[in-house]
Every structure is written in C-alpha cells, then in structure tokens.
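Participant: Dropping the structure in here first, questions after.
The values are calculated or read from the model by the stated rules, or taken from the named source; none is laboratory data. Quantities reported herein were computed from a predicted structural model and do not represent experimental measurements. Cβ atoms come from the backbone with ideal geometry, glycine included; neighbour counts cover every protein chain shown. When the accessible area is computed, the model is the full protein with side chains, heavy atoms only, and any ligands, DNA or RNA have been set aside. Shrake-Rupley method; radii C 1.70, N 1.55, O 1.52, S 1.80 Å.
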Amino acid sequence: MASKHILVVDDEIGIRELLRDILQDEGYQVQLAENAAVARAARLHERPDIVLLDIWMPDCDGITLLKEWANSSLLTMPVVMMSGHGTIDTAVEATRIGAFDFLEKPIALQKLLKTVSAALKHSEQLPKSEMNLTSLGKSPIVVALKDRLDKIAVGVSPSPVLLIGPKGCGAELCARYLQDSGSPWLQLSEFSQLVNAPLDILETVRGGVVYISEITELNKTEQKGLLLLIAKSDKYNVRVVCGTSENLPKLQAEALFDHNLFQALSAVSLRVPALDEHKEDIPDLAVSIANLQLELAGLEYREFDVAALNGLRNANWPGDLAQLDAAVRNLIHTSLGEKITLDDVKRVLHQFDDSSTRAKSAENRKSKQVQVEEVSLTSQVDMPFLDQPLREARDDFERLYFAHHMKDAVNNMSKLAEIAGLERTHLYRKLKQLGIKIKG
C-alpha cells in the first residue's frame with residue numbers, strides 16, 4: 001500500500017525540514033512549501049492526503065489560504081493549522097472554515113504524530129467533494145444571498161423556504177446550505193409519497209432537509225400532501241425547501257396551485273440570481289467546477305488561460321449554472337493542449353451550431369413544408385374546422401389532439417405531458433384553458 005503524502009507549508013526552513021525528517025522516519029511521503037504560492041501549486045498538482053499549514057506567512061496567511069481552498073471546492077483533505085502565536089479565537093476560526101485541528105509551536109513529537117494519524121483516519125470518512133454555495137461567487141448579489149440564507153438558518157424552528165429562480169440556477173446549492181452538517185438530506189422525486197405516506201418521509205429525514213426542485217410538478221392532491229407534511233415538519237425538526245422557475249401567484253390565480261400551500265411557502269422566499277446577473281463570478285466558478293471534476297476523476301491538473309476564462313464570462317448561459325457545469329466538464333475531457341484556451345471554449349460553446357446541424361435543420365424544414373403541402377390537399381375532408389377563424393380552429397384541433405392521446409395515457413398526466421412535449425404545469429394550464437376536465 002502506497003505511503004500517505006503530506007504537504008508541510010511553513011516559511012521557516014528549520015521547521016519545514018524538522019517536520020519532514022520526523023514524518024519521513026514514520027514512513028510518510030513529505031513535500032515542502034515555503035509560502036502560499038508554492039502550496040497552491042502543490043495542492044493542485046500533487047493532491048496531498050493531509051496538509052500541515054502555518055498561519056503566519058509573509059505573502060498570504062494560512063487562514064486566507066484555507067478560506068481560498070474552501071471557496072474553490074479544494075478543501076477535500078484534512079488541514080492541520082500550525083502557529084507559534086496561536087489563540088483560541090484563531091483555532092475556532094480555522095475549524096469553522098474547515099481545518100481539522102490546530103497545533104501550537106513548538107510542536108511536541110507525540111502530539112504531531114497523533115494528530116497526523118487522526119487526520120488521515122478522518123480523511124477516509126470524508127464524503128466526495130461537491131459544489132457548494134461558497135463556490136457560487138463573491139459578487140454583491142451572491143454575498144447578499146448567502147447573508148439572507150444565514151439569517152434563515154439560525155431561526156428557532158426550521159421554517160419552509162421557497163427558492164425562486166431559472167432552471168439550473170443553483171437552487172439546490174442554497175437548499176444544501178441550509179442543511180446542518182451530518183443531518184439527513186432527501187431530494188423528493190416520488191411525489192406519490194406525499195399522498196400515501198407524508199409522515200414516513202418526515203420520520204426518514206428527521207432533523208434534516210426535504211428538497212423539491214420544482215414545486216409546480218406536483219398535482220393538486222400532491223400539493224395537499226405537501227401542505228400536511230409542512231404542518232407536521234416542526235415536530236420532526238425537518239426543513240422543507242422547494243424551488244420553482246414558475247410564476248406561482250399567476251398559477252394560484254388560475255386555480256392551478258393550492259392557495260394555502262402558496263401562503264405557507266411564500267412566508268420565507270428568496271430569489272436565486274441567474275448566472276447572467278453575476279457574470280463577474282464565472283471565471284472563479286469555472287475554475288472551481290474544473291478543480292472538482294479533476295479531483296473526482298483523478299485527472300492531471302489543467303489550467304484555463306486568461307482568454308478562455310474571459311470567453312466563458314462573456315458567453316450567454318440560457319441554461320444557467322447547469323449549462324456552465326456541463327461546458328466545463330466538456331472542456332476538461334476534450335481539450336488537447338496543456339492549457340484550456342479560448343479556441344477550446346469557442347469549440348465547445350458552438351459545437352451544436354456547425355454546418356451539418358444547420359443542413360439537417362434545413363432538411364427538416366423542407367420535409368415539413370412538403371408535409372404541409374400534402375396535408376393541404378386532403379385536410380378539408382378530414383378537418384372541417386379549417387373554415388373557422390384561426391384561434392377557434394386551433395382550439396378545436398387541440399381538443400381533438402388531447403382527447404385522442406388521453407385514451408392512450410389513461411388520464412396519466414405525466415405520460416400525457418411526455419407525449420405532448422409539455423411540462424406538467426403547462427399541460428394543466430392548457431387543459432383548463434380548453435375546458436377539458438382532468439380526472440383524479
């Protein structure tokens with residue numbers, strides 16, 4: 001079994017070399033760094049199993065470097081802080097940020113070895129690294145979002161929270177930010193449980209968070225089940241967090257969303273900004289996503305050049321954070337050079353716009369035109385409503401369309417939405433508009 005790799009970061013050469021000699025005698029591989037710049041490079045390229053990090057350094061103090069790693073999803077190994085001027089306040093701050101432990105200089109031999117051994121055991125139990133809210137950015141709009149979530153998190157009881165924002169905006173990161181460390185997490189996808197066993201859900205996730213990514217996907221019966229779950233959630237110390245990209249007041253006015261559930265959720269609601277509203281965060285976000293993927297896949301570290309990061313920042317992201325995440329993963333796996341360049345970024349962002357795709361689209365348009373011409377020859381026999389004004393004719397056609405497919409779907413709204421290529425919310429709205437009754 002390969003020996004564990006330890007990175008020692010200290011600006012005093014005597015201390016660095018003493019720690020190296022002691023740890024090498026114990027069978028560890030040891031790498032030395034005299035400042036934060038060297039430590040950054042070592043962390044990215046060598047991926048140490050544990051870092052011994054001095055607090056007081058000339059170019060960048062250890063607490064700042066620790067925060068930097070935490071904010072970039074790079075705090076995936078135990079970090080033990082070291083200082084000859086340590087205080088309780090410093091130790092508390094370091095552990096709050098994510099340090100495993102704190103050693104005061106001069107460091108006793110047995111204390112050093114015991115702490116290193118405990119840190120390495122702890123590293124084996126660490127979960128896989130993942131994106132978190134601290135990775136979302138440092139812009140004023142994101143900082144304000146974090147401050148509001150902090151205020152919500154310290155409430156006496158875990159009130160339900162509604163997160164409003166475009167699809168892919170990072171609402172799940174906000175929901176996970178409200179989850180206490182080590183507590184249960186459930187992203188609910190089987191909505192029938194809300195009808196059949198809402199209290200079982202609460203028992204399963206007692207003390208934790210239930211998250212629903214799009215609240216408007218629930219039908220009316222499921223909405224009532226969620227309302228019951230929220231009413232009982234205090235007893236189980238469970239926080240319910242729901243996301244939506246829809247206009248809930250409008251849906252409520254159209255009787256497509258339960259009035260009481262809307263009132264319960266809107267009491268504590270937050271808007272999650274779209275990526276286009278904080279583009280200044282995109283370069284750091286891209287680096288964080290890349291570092292995370294490199295960690296998980298065990299790939300060789302690769303940097304973005306400045307032009308590539310600017311290209312990502314200036315691009316449009318209609319799919320929001322989810323689209324950026326997919327683009328960065330693509331760049332990591334398909335770029336050929338030592339660095340990821342602007343040409344790589346352009347290639348990935350425009351790969352669906354090539355000539356073959358345009359030619360195929362043109363061919364499809366031509367095919368549809370031929371079909372329309374063919375239909376026009378026979379449709380007057382089959383579709384008498386062609387003599388009606390366009391709007392009435394369209395409504396009649398849509399009623400026939402849904403009547404036909406509801407037989408196949410047997411009033412299963414999920415199946416009907418899939419056949420029609422509509423989201424369930426839009427489907428319910430369309431059926432109501434056409435005067436088609438929904439069973440169940």
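Participant: Being crowded, with 20+ Cβ neighbours inside 10 Å, of a type outside the set (V, I, T) and under 23 Å from L422 (Cα atoms): is that true of C174 here?
Facilitator: When the stated conditions are applied, C174 does not pass them.
Participant: When the stretch 329-340 is examined, which residues are found to be over 25 Å from the mean Cα position of the chain (by Cα) and either over 17 Å from Q293 (Cα atoms) or open to solvent by less than 60 Å² (accessible area, probe 1.4 Å) (or both)?
Facilitator: Selection gives G337 alone.
Participant: Let me ask you something else. Check off (1) in contact with a strand residue (DSSP E or B) (Cβ under 7 Å, 6 or more places away or on another chain); (2) at pLDDT 90 or above; (3) of a type outside the set (S, T, Y) for Q179 and give me the number that stays unchecked.
Facilitator: Unmet condition: (2).
Participant: Now for a different question. Which residue pairs have Cβ atoms under 9 Å apart, sit 6 or more places apart or on different chains, and have a first residue in the stretch 42-61 that is at positive phi and a second that is among the hydroxyl-bearing types (S, T, Y) and outside any strand (DSSP E or B)?
Facilitator: R47/T76; R47/Y301
Participant: While we're on this one: Checking R302 against (1) touching a residue at least 60 places away in the same chain (Cβ under 8 Å); (2) open to solvent by less than 60 Å² (accessible area, probe 1.4 Å); (3) not aliphatic (A, V, I, L, M), only one condition comes out false. Which one?
Facilitator: Going through the list (1) touching a residue at least 60 places away in the same chain (Cβ under 8 Å); (2) open to solvent by less than 60 Å² (accessible area, probe 1.4 Å); (3) not aliphatic (A, V, I, L, M), R302 breaks only (1).
Participant: Over 23 Å from the mean Cα position of the chain (by Cα), over 27 Å from A42 (Cβ atoms) and open to solvent by less than 40 Å² (accessible area, probe 1.4 Å) - does that describe any residue in the stretch 263-270?
Facilitator: Checked against the condition, which is being over 23 Å from the mean Cα position of the chain (by Cα), over 27 Å from A42 (Cβ atoms) and open to solvent by less than 40 Å² (accessible area, probe 1.4 Å), the stretch 263-270 yields at least one hit.
Participant: Something else now. Of the residues that sit in the stretch 304-321 and are assigned to a loop (DSSP other than H, G, I, E, B) and either among the hydrophobic types (A, V, I, L, M, F, W, C) or closer than 22 Å to K167 by Cβ (or both), which one is nearest to the chain's Cα centre (by Cα)?
Facilitator: So, considering only residues that are assigned to a loop (DSSP other than H, G, I, E, B) and either among the hydrophobic types (A, V, I, L, M, F, W, C) or closer than 22 Å to K167 by Cβ (or both), the one nearest to the chain's Cα centre (by Cα) is G319.
Participant: For the stretch 27-66, which residues satisfy the criterion of being open to solvent by 10 Å² or more (accessible area, probe 1.4 Å), in contact with a Leu (Cβ under 9 Å, 6 or more places away or on another chain), not aliphatic (A, V, I, L, M) and not in a loop (DSSP other than H, G, I, E, B)?
Facilitator: Result: Q29, Q31, R40, E46.
Participant: With respect to the numbered conditions (1) part of a helix (DSSP H, G or I); (2) within 29 Å of D49 (Cα to Cα); (3) touching a residue at least 24 places away in the same chain (Cβ under 8 Å), which one is the sole condition not fulfilled by L324?
Facilitator: Among (1) part of a helix (DSSP H, G or I); (2) within 29 Å of D49 (Cα to Cα); (3) touching a residue at least 24 places away in the same chain (Cβ under 8 Å), L324 violates only (2).
Participant: So which residues in the stretch 327-351 are touching a residue at least 24 places away in the same chain (Cβ under 8 Å), touching a helix residue (DSSP H, G or I) at 6+ places or on another chain (Cβ under 9 Å) and of a type in the set (D, E, K, R)?
Facilitator: Residues satisfying the conditions are R329, K339, D344, K346.
Participant: State all residues of the stretch 207-259 that are over 18 Å from T425 (Cβ atoms) and surrounded by fewer than 18 Cβ atoms within 10 Å (Cβ to Cβ); if no residue qualifies, say none.
Facilitator: Those that are over 18 Å from T425 (Cβ atoms) and surrounded by fewer than 18 Cβ atoms within 10 Å (Cβ to Cβ): G207, L228, A231, K232, D234, K235, N237.
Participant: Anything in the stretch 282-318 that is small (G, A, S) and either modelled with pLDDT under 90 or in contact with a strand residue (DSSP E or B) (Cβ under 8 Å, 6 or more places away or on another chain) (or both)? List them, or say none.
Facilitator: Answer for the stretch 282-318, where residues must be small (G, A, S) and either modelled with pLDDT under 90 or in contact with a strand residue (DSSP E or B) (Cβ under 8 Å, 6 or more places away or on another chain) (or both): A286, S288, A290, A297, G298, A308.
Participant: Under the condition of being open to solvent by 70 Å² or more (accessible area, probe 1.4 Å) and more than 16 Å from the chain's Cα centre (by Cα), which residue from the stretch 277-299 is nearest to G435 (Cα to Cα)?
Facilitator: E277
Participant: A follow-up question, please. Exactly one of these conditions fails for P166: (1) open to solvent by 30 Å² or more (accessible area, probe 1.4 Å); (2) assigned to a helix (DSSP H, G or I). Give me its number.
Facilitator: (2)
Participant: Would you check if E222 is charged (D, E, K, R), outside any loop (DSSP other than H, G, I, E, B) and within 19 Å of L136 (Cα to Cα)?
Facilitator: So E222 fails the test.
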